[in-house]
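This report concerns only the one structure given below.
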Amino acid sequence: MRIGELAAEAGTTTRTLRYYESRGLLSARRDGNGHRTYDEDDLAQVRQIRMLQDFGFGLEETRPFVECLRAGHAEGDSCPASQLVYRRKLDELDAMIEQLRVVREKVSRQLVRAERARDGLAAEALVPGGPEPVCELGGRG
């Protein structure tokens with residue numbers, strides 16, 4: 001298949017395919033007219049790259065998966081180098097999840113503090129002569 005056909009089959013652009021080629025992740029053969037030609041193995045490699053990128057993998061992180069496919073394996077993640085990339089990505093994701101958990105806890109504490117402050121102002125407003133609460137979003141409370 002030609003580059004346009006490969007791009008359509010893989011759901012990408014010819015520009016992206018040429019970029020993969022420049023990075024050594026895709027190898028094009030040339031026909032008698034000098035046009036790039038690809039086969040089903042190339043399609044599998046591009047699909048592997050795109051799937052991993054959809055998962056948040058960087059382009060260089062896809063290299064072991066492509067090399068595994070090029071080595072003749074049916075799946076790009078059946079090689080030890082690919083599995084090592086999975087492990088690193090899981091560690092990275094776990095660290096991000098922990099950071100988000102910490103931020104979530106801080107936001108939650110801030111919300112509780114803000115609600116208590118609001119409730120305190122509302123209680124003061126009930127006292128004769130107490131301040132009337134004002135909210136910048138909703139006017140007078």
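So the values come out like this:
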read-out: Note, ³J(HN,Hα) from phi for segment 30-42, Karplus 6.51, -1.76, 1.60, rounded to Hz, x at Gly and Pro; value: 10, 7, x, 8, x, 6, 5, 10, 9, 10, 4, 5, 5
read-out: With DNA, RNA and ligands ignored, accessible area of residue 18 (1.4 Å probe; Å², nearest 10); value: 100 Å²
read-out: Solvent-accessible ranking of 52, 126, largest area first, probe 1.4 Å; value: 126, 52
read-out: Residue 77 long-range amide H proximity, modeled H, under 5 Å; value: none
read-out: Most to least packed among 90-100, 71-81 [average Cβ atoms within 10 Å]; value: 71-81, 90-100
read-out: Residue-by-residue Karplus 3J(HN,Hα) for segment 100-117, coefficients 6.51, -1.76, 1.60, Hz, glycine and proline x; value: 5, 4, 5, 5, 4, 4, 5, 5, 4, 5, 5, 5, 4, 4, 5, 5, 5, 5
read-out: Structure-based [θ]222 nm, the chain - -39500 (n - 2.57) summed over DSSP H runs of at least 4, per residue, nearest 500; value: -21000 deg cm²/dmol
read-out: Probe 1.4 Å, protein heavy atoms only - accessible area per residue of the chain in square angstrom; value: 69 Å²
read-out: In Å², nearest 10: area of residue 39 left accessible to a 1.4 Å probe; value: 60 Å²
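The values are calculated or read from the model by the stated rules, or taken from the named source; none is laboratory data. Just so it is clear, the structure is predicted and the values come from calculations on it, not from any experiment. Cβ coordinates were reconstructed from backbone atoms using ideal geometry, including for glycine residues, and neighbour counts include every protein chain displayed. These area figures cover heavy atoms from the full protein model, side chains too; ligands, DNA and RNA do not enter into them. Shrake-Rupley method; radii C 1.70, N 1.55, O 1.52, S 1.80 Å.
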